[in-house]
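Please treat every number below as a calculation from the coordinates, not as lab data. Since we're looking at a predicted model, the values are computed, not measured. Heads up, the Cβs are rebuilt from the backbone with ideal geometry, glycines too, and the neighbour counts pull from every protein chain shown.
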Amino acid sequence: MDELRQQLRGIVNNVFRNFLLDTEATNISENGALQLMFDYIFLITVFQDDKKSSIDQKILETLQDKIDPINWSSYEPYLKPSVHKFYIKQSLILGVITSASNETYERARKAMSNQRQGHHNVLPLAAQANRFTLLPIGHLTSSSVRAR
């Protein structure tokens, strides 16, 4: 299984390198570069060894160059934690390929139970506001309506 993961990791690195070296790839948008960065980090995390990380920094730097530096400074702190959360969720599905252990499954169970509903954004902009409670109008009866 380790050999398969190593081959798949090499294929992912080659595909991303070839795509970024292609002259047409220089026209990808900022959102496209951010999505490619998320996908690349996720795929390398899925196919990683337990011992070392094999993220090609040159690929990440090439993608990072396509993102505005001011925007990147706001995205950067949320990218890797979001990839990690997504990896934990998907490790249940990709359990054979990933190097998941019982600890990973326990973290996935806790993450799914602790996650607030409707929180799907990579970059949460504002906390969920509490709703106003209903006014205590009470039940109107036909006799109280006639009295008014």
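Some observations on this one:
- Along segment 62-78 the Karplus relation, 6.51 cos²θ - 1.76 cosθ + 1.60 evaluated at θ = phi - 60°, assigns HN-Hα couplings of 4, 5, 5, 5, 8, 10, 4, x, 5, 5, 4, 5, 8, 7, 3, x, 9 Hz to successive residues, with x for each Gly and Pro.
- The overall shape of segment 1-43 is oblate: from the C-alpha gyration tensor, with semi-axes ordered a ≥ b ≥ c, the ratio a/c is 1.5 or greater and a/b is no larger than b/c.
- Here the peptides 58-69, 35-46, 73-84 are ranked by packing, the mean other Cβ count within 10 Å, and the order with the highest first is 35-46, 58-69, 73-84.
- A simple rule links phi to the HN-Hα coupling: the Karplus curve 6.51 cos²θ - 1.76 cosθ + 1.60 with θ = phi - 60°, which for segment 30-44 gives 5, 5, x, 5, 5, 5, 5, 5, 4, 4, 5, 5, 5, 5, 5 Hz, with x for Gly and Pro.
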